[in-house]
Amino acid sequence: NPELDALLNEHAEFRKVIEIGEVLEGTSRHASTHAAGVVVTPGPLTDFVPLYRQSDGSITTQFDMNIVDKIGLLKVDFLGLRTLSVVSRALEMLAARDIHVDLDSIADQHDDKTYALLSRGDTTGVFQLESRGMRDWLTKLKPNCLDDIVAMVALYRPGPMDMIGDFVRRKHGQEKIVYLHSKLEPILKSTYGIAVYQEQVLAIARDLAGFSLARADILRRAMGKKDPKELARVKAEFIEGCLNHSKMNERLANQLYDQVEKFAGYGFNKAHAACYAVLSYQTAYLKANYTAEFMAAEMTSWHGDTRQMPKLINECRRLGVVILPVDVNASNRFFTVEEGQIRCGLEAIKNVGAAPIGAIVQARKDGGKFLSFFNLAARVDTHVVNRKVMESLIGSGALDGLGGHRAQYMAALDQFFAYANAAEKERDLGQSSLFGGGGSGGGLREPSLPDIPPYSAEQSLSLEKELLGFYVSGHPLDGIREDVERLADASLGDTSELEDQQTVRLAGVVTDIRRTQTRKGKAMATMTLEDFTGSAELLVFGEALEAGASLIRKEAKLVVNTRVSCREDEDPKFIAQQVYTIEQAKTEFARGMWLTLNESSLTESTMDALEDLFLKHSGNVPIYFKVIRNGQERLVQSRRYRLKTSLEVVQQFRDMLGQSQVKVS
């Protein structure tokens, strides 16, 4: 680079930087530890590999994973999967009902309900199969055997994903399967002529080119790494092997090599895919046959995750599984199942840990259900179930069944702890009759709850969201569900398939706002928008923030035009472009406007005024007239006029015809 050379000649400090850089280049910046890698040796580790002790006391190899592999040692990745805990929890709940499921054998059975669930793409919560793209392909594939699931797990990745369409069409006989050589059929028959797995690449090299499996694996690695020198060498060996071992001509051998090279570039380890597919089938089986237990186990696993929980709750409601609120008289630590319904667990409540949960559940076991707010005070240890815990229990709705409402309980907290102290003193004096019959009885008289109005529905939902991370008794968008689902291009619970720079319209309720500044000191906001399926963070700055500043507030129901920003291994981010209220969006993105006209009261001047408005606000939205004549109604679409709708335009029509006579959707 002439410019760089000139700078180096002129500046000694620049030359020094380059000299130091040349020395440092290629050296290890730091020593890190593989998250799940374990090295296994046939004898003492120190006989085979140098070790060192890390600051936390753990023992690590000094060789990195590539060198460990090259010197022939066994390297195993032990991966922890949340799904295994979900399956274990579901089986525990079933065992409590005396239902014992042998998951090790079900994959060998053909369960119609499981394959029907997979064929519907009904796979929210099903391991490896719940993304939107995977669901779409499952509905086309209609899997009817475990091999289909294994193949989908292997194919649904960048690269081989392009082959899924061929795989599906060949399975259903819509595309002819052609083999370059007869020896390929037994190797590729199970995957409809497509090499999906690394093992198939090895088998092709062995059976058609005469390679040993060890040599075939070297071929596969060379193809995967795309090293030109190594590729040239293995290609020559492969071609020669095909000519001698399978008596091919050179043209066919080259054609086969090109096909194998393509396969090797994306081939997935079948053993790995099969392990995942078995777990996929097991979770699908549990969801199809024991829906409530499976979903309760999923919710226990994901509690506290504000992105996943709304999606799971929405899925339960879609499946007809009722979610029961958290309740001190019914809830245990985890989510549980009561006669096919899911009861929220106490652990889901913010600030309520293992100790207070244990105290509440034990008191309930010892003395039966709590009869009132103050009966609870008399029976639990308030050193453990302290004020912060009580505020969280009240706000989450856990005490709603004790005869009062949340506002009363919150106002009576001082009385609650005073009563608890008095009850403790009576216990210390040995007045055991205090708890006769499970009530708070004894010589203490329960105070009355204050006579104050309850929280509004909006306040209660806001507290649930804050303390549980999800809504239970309802959803802020319930009254406008149809509008939200119509106005949004994408569900917030399923954004994994969105592409970088794609424009999408989102709709939901604002559950959190953080106002900050950009590096240049300009105002910006990060808001969390939630719909029925999940939530996402939206970045708002510049013109969008200025124009929507008055709209962006907590609990506001908004529609936002956004631009997607995707980075590898991160959830998509959304950059707000325009912000609308639901009413603004309904008019801005209207599919049609309906005007009700009663002929008996329609005047010529009204018709002229309507025509003036049609001409003044001409656009693309169709206009429909519901004409009432002699008690009869008929619907007519205007062929002459279309509108550009907005709140202001719609209001002009309502001022003219009446509020109820103009509808937009």
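Given the residues Met134, Met65, which is the only one that is farther than 30 Å from Ile164 by Cβ and either touching a Phe, Trp or Tyr at 6+ places or on another chain (Cβ under 6 Å) or not basic (Lys, Arg) (or both)? Walk me through how you get there before you give the answer.
Numbers: Met134 fails: farther than 30 Å from Ile164 by Cβ.
Of Met134, Met65, the one residue that is farther than 30 Å from Ile164 by Cβ and either touching a Phe, Trp or Tyr at 6+ places or on another chain (Cβ under 6 Å) or not basic (Lys, Arg) (or both) is Met65.
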Some residue of the stretch 284-293 being over 30 Å from Ala151 (Cα atoms), hydroxyl-bearing (Ser, Thr, Tyr) and not assigned by TED's automatic domain parsing to the domain that holds Val509: no
Conditions (1) touching a His at 6+ places or on another chain (Cβ under 9 Å); (2) aliphatic (A, V, I, L, M); (3) exposed (fewer than 11 other Cβ atoms within 10 Å of the Cβ): number failed by Leu91: (3)
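Test of understanding: among Tyr276, Tyr257, Tyr281, Tyr266, which residue is among the aromatic types (Phe, Trp, Tyr) and without any contact (Cβ under 8 Å) to a residue 24 or more places away in the chain? Talk me through it step by step, then tell me what you get.
Working: Tyr276 fails: without any contact (Cβ under 8 Å) to a residue 24 or more places away in the chain; Tyr281 fails: without any contact (Cβ under 8 Å) to a residue 24 or more places away in the chain; Tyr266 fails: without any contact (Cβ under 8 Å) to a residue 24 or more places away in the chain.
Sole residue among the options that is among the aromatic types (Phe, Trp, Tyr) and without any contact (Cβ under 8 Å) to a residue 24 or more places away in the chain: Tyr257.
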Qualifying helices (runs of 4 or more DSSP H) (wholly inside the stretch 577-662; at least 1 residues being more than 30 Å from Thr503 (Cβ to Cβ)): 604-616, 647-657
Criterion violated by Ala195 - all others in (1) part of a helix (DSSP H, G or I); (2) of a type in the set (Gly, Ala, Ser); (3) under 21 Å from Ala274 (Cα atoms) satisfied: (1)
Single unsatisfied condition, Ala90 versus (1) without any contact (Cβ under 8 Å) to a residue 40 or more places away in the chain; (2) under 30 Å from the mean Cα position of the chain (by Cα): (1)
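Of these, Val337, Val361, Val328, which one is in a loop (DSSP other than H, G, I, E, B) and surrounded by 15 or more Cβ atoms within 10 Å (Cβ to Cβ)?
Working: Val337 fails: in a loop (DSSP other than H, G, I, E, B); Val361 fails: in a loop (DSSP other than H, G, I, E, B).
Going through Val337, Val361, Val328 in turn, the sole match is Val328.
Kindly indicate the residue of the stretch 376-401 that is part of a loop (DSSP other than H, G, I, E, B) and closer than 20 Å to Ile323 by Cβ and also farthest from the chain's Cα centre (by Cα) among those meeting that condition. Write out each step before concluding.
Of all residues in the stretch 376-401, those part of a loop (DSSP other than H, G, I, E, B) come to 380-386, 397-401.
Filter again for closer than 20 Å to Ile323 by Cβ, leaving 397-401.
Values: Gly397: 26, Ala398: 27, Leu399: 30, Asp400: 30, Gly401: 32 Å.
Once the filter is applied, the top-ranked residue is Gly401.
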Scan of the stretch 99-118 for residues that are farther than 22 Å from Glu130 by Cα and touching a residue at least 24 places away in the same chain (Cβ under 8 Å), ordered by number: Ile99, Val101
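Across the stretch 492-512, what is the total count of residues that are in contact with a strand residue (DSSP E or B) (Cβ under 9 Å, 6 or more places away or on another chain) and surrounded by 15 or more Cβ atoms within 10 Å (Cβ to Cβ)? Please lay out each step first, then the result.
Taking the stretch 492-512 as the starting set, the residues that turn out to be in contact with a strand residue (DSSP E or B) (Cβ under 9 Å, 6 or more places away or on another chain) are 492-493, 495, 498-512.
Subset that is surrounded by 15 or more Cβ atoms within 10 Å (Cβ to Cβ): 492-493, 495, 498, 502, 504-512.
So the count comes out to 14.
When the residues of the stretch 218-230 are filtered to those that are surrounded by fewer than 16 Cβ atoms within 10 Å (Cβ to Cβ) and in contact (Cβ under 8 Å) with a residue 12 or more places away in the chain, which remaining residue is farthest from Leu180 (Cα to Cα)? Step through it out loud before you land on a result.
Here is the first cut: in the stretch 218-230, the ones surrounded by fewer than 16 Cβ atoms within 10 Å (Cβ to Cβ) are 221, 224-230.
Going one step further and asking which of them are in contact (Cβ under 8 Å) with a residue 12 or more places away in the chain, we end up with 224, 226.
On the way: Gly224: 22, Lys226: 24 Å.
Filtering the stretch 218-230 for residues that are surrounded by fewer than 16 Cβ atoms within 10 Å (Cβ to Cβ) and in contact (Cβ under 8 Å) with a residue 12 or more places away in the chain, the one farthest from Leu180 (Cα to Cα) comes out as Lys226.
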Residue in the stretch 639-653 that is nearest to Pro622 (Cα to Cα), counting only those that are in contact with a strand residue (DSSP E or B) (Cβ under 6 Å, 6 or more places away or on another chain) and not aliphatic (A, V, I, L, M): Arg642
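The values are calculated or read from the model by the stated rules, or taken from the named source; none is laboratory data. These numbers come from a predicted model, not from an experiment. Counting neighbours? That spans all protein chains shown, and the Cβs are built from the backbone with ideal geometry, glycine included.
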